[in-house]
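Just so it is clear, none of the values below were taken in a lab; they were calculated from the coordinates. Keep in mind the model is a prediction, meaning the values are calculated, not measured. Cβ coordinates were reconstructed from backbone atoms using ideal geometry, including for glycine residues, and neighbour counts include every protein chain displayed.
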Amino acid sequence: GPRADEDLLAGLNPPQREAVTYRGQALLIVAGAGSGKTSVLTRRVASLLRNKEAWPSQILAITFTNKAAGEMRERVEQLVGDSARGMWISTFHSACVRILRREAEQFGFTKSFTIYDSGDSRALIKRLVKDHEADAYGLTPAGTQGRISKLKNELADAESYARQANMSDPAERVFVDVFTDYQRELQRANAFDFDDLIGQTVYLFRAFPHVADVYRRRFRHILVDEYQDTNHAQYALIHELTRPPGSDAPPIASGGMMIFEPEPSAEDAASLTVVGDSDQSIYAFRGADIRNISEFERDYPGAKVVLLEQNYRSTQNILSAANAVISHNFDRKDKKLWTDVGAGEKIVGFTGYSQHDEAQFVADEVDTLRREGIDYSQMAVFYRTNSQSRALEEIFIRSAVPYKIMGGTKFYERAEIKDALAYLVAVSNPADEMAMRRIINKPRRGIGDVTIETISRYAQDEQITFRDALANSSALGVGPKIQAAIAHLDAVLAEATDLMLPASGELAPPTAVAEGLQLLLGRTGYTDALRASRDPQDEARVENLDELVAVAREFARNNPEGTVIDFLAEVALVSDADDLEDASGSVSLMTMHTAKGLEYDAVFVTGVEEDLIPHRISAGEPGGPQEERRLFYVGLTRARKRLYLSLAMTRAQFGEVSVAMPSRFLQEIPPELLHWRQSPGDVNSRGGTQSRALNARRPGGGSGFGTSASRYGDDLVPRSTSIEKFANRIPAKVRDNGDMQLAPGDRIRHDDFGEGRVDAVTGEGAKRIAHVRFDAVGPKKLLIKIAPIEKL
Ligand code: ATP
Ligand code: MG
């Protein structure tokens, strides 16, 4: 009779069909962009369920973002109905959190562990670098964090690193010390950093084979999307899960008799399907390893390989451009993507005088497309670095183009949000001293470093947590005022704990997180302190906190049984591509990294300039420019029908105006595919007055901040206040640092450059310039008012 999954196969081409129906141990699907890799993976899951070859609970599907996981789940449910519930469709990180929640007690953690995001772990490393005076050996917090992360992605720990490092080098010794202490502090705080979520799960599986076996038996079908971007730790995790159960279990002693489990056989192993495209590997800087694809057949002998070559996403012009660009990478297997949808429109090129000019072009074109019938939600604007969004946002707001920025993490990196979350951590994980330290004097309670050290020492002497030490405020030997402040904080935390995690073991009401959050921020006076401030930024902070409460309500609706611990995990795992806002009805703005896996009718790739794409930091790195080309390829291949490539001749960034050169990648596109509305040549030939104006407008180089050289406004003039009325959450989107006071010695964090130290401040008012030495990229000059910076 007909297959139960026949309708799932309708419309698939023969190799796609094979990829859905093949039933062997290991399947590798390699294919270019838009060839249906993700679609095939989704259908494969649906087909397994439909044919009753697997229960939903036996399926583990790994996606690159939470958003992609949500979409895949939805799609599978559409295809097979409710029976899809119980599947694990998630990112590597979320899957590991679920495993660790169940198993953490096996190795010295508790269920309520905290997840340290990159900012948290940076803060901890910073303290340790200071404690060890490691900066004397050239260690910076950012650099140390990067090294530790890289090692963890290779599954190395401090001990194994020390064994092969040159320990006669004092810089190496101090690095090992910091690494060792970092790991000890995480354990003490009952916390995992992002890399640990994967690495510790691998460790758990290797150290406790009987635990691994539970998951090996459970997951019979494992599927991984975007396999080209897995790092070694993720590879190892998959490898552990796809070994036959019982592989390394010792014989079980039972009533004096040794019972041997039957020999494990390879057939008992879970089936593994991975899909990927080595041309889209864009996370090597985070340890992703393309070899995971090229060596798949070696690691999984007998694996079936399916190639998909027909692209269903883009027009031929777009595809030809993308193919031409990527063919400049050496060391790759040439694959020719083709499509039968026809040539389509030519790619449109535009060169603006400034990034505002460029942004205006994008806004105008968005308008035109919209009138042609393309919905805003079907348009996307990409850029290489986050700070490029500012000019786009300003013009979009002025032109009343609805937009949203993909990149939820930014919201959660805001100081007030981190404070609020630290309050929740103080409730959920009392062992987390860093969270306690963060909130103990926020709002100001007169508790300074000396008192904090007193509490910390007391906790250590008494072998209790920092949190518990607060309950003994009278024993701390501090002044009465401080003691009262501590006692008050303790009482508020206790009350919030009762609400959110009742000692009775009763389930807290779903609204407990939102209410607890409000209780904490209200009773401690945190919100009042912001309200009392006359700083307009603080007003925005109150709104952001309201937003967080709204997020907690939303969480409660979706997870009626979710606790504060689950809420914190979900928040910690929000990734770049996971937006907070609803995408419908607005144009999406995002970095090219975030764009992976997505598709839009119309795509604008902006800032197609040397030093941006390829980015200047890539120049010195082995394979850097090649990885940038892949990133550009990812950008181009997101477009279905319309593709725009734009650049600016001058770019005001970080308080400096510089002359930009067209990206080398533009020359790699066959000219007949590209129609220039305004080419770099057009702009140059009229550029005489341009460069004079440019010089006049150099910061510190004259009075020219207000001179307009471009058709569309000035580069350095801060946005007007009338814009403020337009978008209700402007401060989260458009940078205005107001009167941020910076002084030499201050530490700041820049969206693109990372952390740095202020050497000097010059100029006045809106033209004040900070001279900053960045840990990673060296000295830069920044216009304080508008630079994407935050004081640390
Ligand atoms: P990327 O490399 O960007 O991740 P991909 O290989 O995962 O792309 P999909 O996103 O699965 O590709 O598919 C690209 C588009 O092509 C989607 O809109 C999908 O619905 C469509 N598509 C895939 N296969 C077919 C098919 N056989 N017939 C019609 N449309 C298809
Ligand atoms: Mg895909």
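Below 8 Å, C-alpha to C-alpha, sequence gap of six or more: please give me the relative contact order for the stretch 336-445 in percent.
Details: 45 pairs, mean separation 19.8, N = 110.
So the answer I get is 18 percent.
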How much length is gained on full extension from residue 21 to residue 495, taking 0.36 nm per residue of separation minus their Cα-Cα distance? 165.1 nm
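If R₀ is 35 angstrom, what is the calculated FRET efficiency for the pair residue 400 and residue 757, using the beta carbon separation as r and rounding to 0.05?
Efficiency, rounded to the nearest 0.05: 0.30.
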Output for the stretch 516-576: GluC sites (Glu not before Pro) sitting in coil per DSSP, at most 10 other Cβ within 10 Å, listed by number, reads 561
Shape verdict for the stretch 479-555, please, from the Cα gyration tensor: rounded (a/c under 1.5), prolate (a/b greater than b/c) or oblate. oblate
Would you list which aspartates and glutamates come within 12 Å of residue 442, measuring only between C-alpha atoms, while excluding same-chain residues fewer than 8 positions from it? 416, 419, 528
Name the chymotrypsin sites (Phe, Trp or Tyr not before Pro) in the stretch 279-381 that are in a loop by DSSP and that have at most 12 other C-beta atoms within 10 Å, would you? 330
For the charge dipole of the stretch 113-186, defined by +1 on Lys and Arg C-beta atoms and -1 on Asp and Glu C-beta atoms about the Cα centroid, which residue among 162, 142, 180 has the Cα displaced farthest towards the positive pole? 142
Just the number, please: percent antiparallel of the DSSP beta bridges in the chain, rounded to the nearest 5. 35 percent
Place a +1 charge on the Cβ of each Lys and Arg in the stretch 99-154 and a -1 charge on the Cβ of each Asp and Glu, then give the dipole magnitude about the Cα centre in debye, rounded to the nearest 20. 140 debye
Determine which residues of the stretch 631-649 fall in the zone a paramagnetic label at residue 677 would reach in this model, i.e. backbone nitrogen under 19 Å from the point 7 Å along Cα→Cβ. 636, 639-649
Report the relative contact order of the stretch 418-489, percent, no decimals, based on alpha-carbon pairs under 8 angstrom and at least 6 residues apart. 28 percent
Say a paramagnetic label sat at a point 7 Å from the Cα of residue 102, along Cα to Cβ; which residues of the stretch 45-75 have their backbone N under 19 Å from it? 54-63
Reachable aspartates and glutamates from residue 346, Cα under 15 Å, same-chain residues fewer than 8 places away excluded? 365, 601, 672
Set of aspartates and glutamates near residue 52 by C-alpha distance (under 13 Å), chain-local residues within fewer than 8 positions excluded: 5
Can you give the FRET efficiency for residue 131 and residue 539, using 1/(1 + (r/R0)^6), R0 = 51 Å, r = Cβ-Cβ distance, to the nearest 0.05? 0.85
Suppose every Lys and Arg Cβ carries +1 and every Asp and Glu Cβ carries -1, with no other charges. What dipole size does the chain come out with about its Cα centre, to the nearest 20 debye? 1320 debye
Give 67/152; 126/418; 37/304; 130/150; 596/781; 152/791 a once-over and call out the pairs whose C-alpha atoms are over 23 Å from each other. 67/152; 596/781; 152/791
Pairwise label distance in nanometres, residue 177 with residue 558, each label 7 Å out on the Cα-Cβ vector: 4.5 nm
Nitroxide proxy distance, nm - points 7 Å out along Cα→Cβ at residue 184 and residue 503: 3.3 nm
Amide H partners (placed H, <5 Å) of residue 29, local residues excluded: 274, 275, 276, 306
Added length on full extension, which subtracts the Cα-Cα distance from 0.36 nm per residue, residue 741 to residue 329: 143.7 nm
Could you work out how far apart the two model spin labels at residue 52 and residue 471 are, taking each label as a point 7 Å from the Cα in the direction of the beta carbon, and quote it in nm? 5.4 nm
According to the square roots a ≥ b ≥ c of the eigenvalues of the Cα gyration tensor, what is the shape class of the stretch 28-151, taking rounded for a/c under 1.5, prolate for a/b larger than b/c otherwise, and oblate for the remainder? prolate
Classify the chain as rounded, prolate or oblate from the Cα gyration tensor: take a ≥ b ≥ c as the square roots of its eigenvalues, call it rounded if a/c is under 1.5, otherwise prolate when a/b beats b/c and oblate if not. oblate
Length released on extending from residue 667 to residue 294, taking residue separation times 0.36 nm less the Cα-Cα span: 131.3 nm
Given a Förster distance of 56 Å, report the FRET efficiency between residue 453 and residue 343 from their Cβ-Cβ distance, rounded to the nearest 0.05. 0.20
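Based on DSSP H runs of at least 4 residues, each adding -39500 (n - 2.57), what is the mean residue ellipticity at 222 nm of the chain after dividing by all its residues, to the nearest 500 deg cm²/dmol?
-13000 deg cm²/dmol
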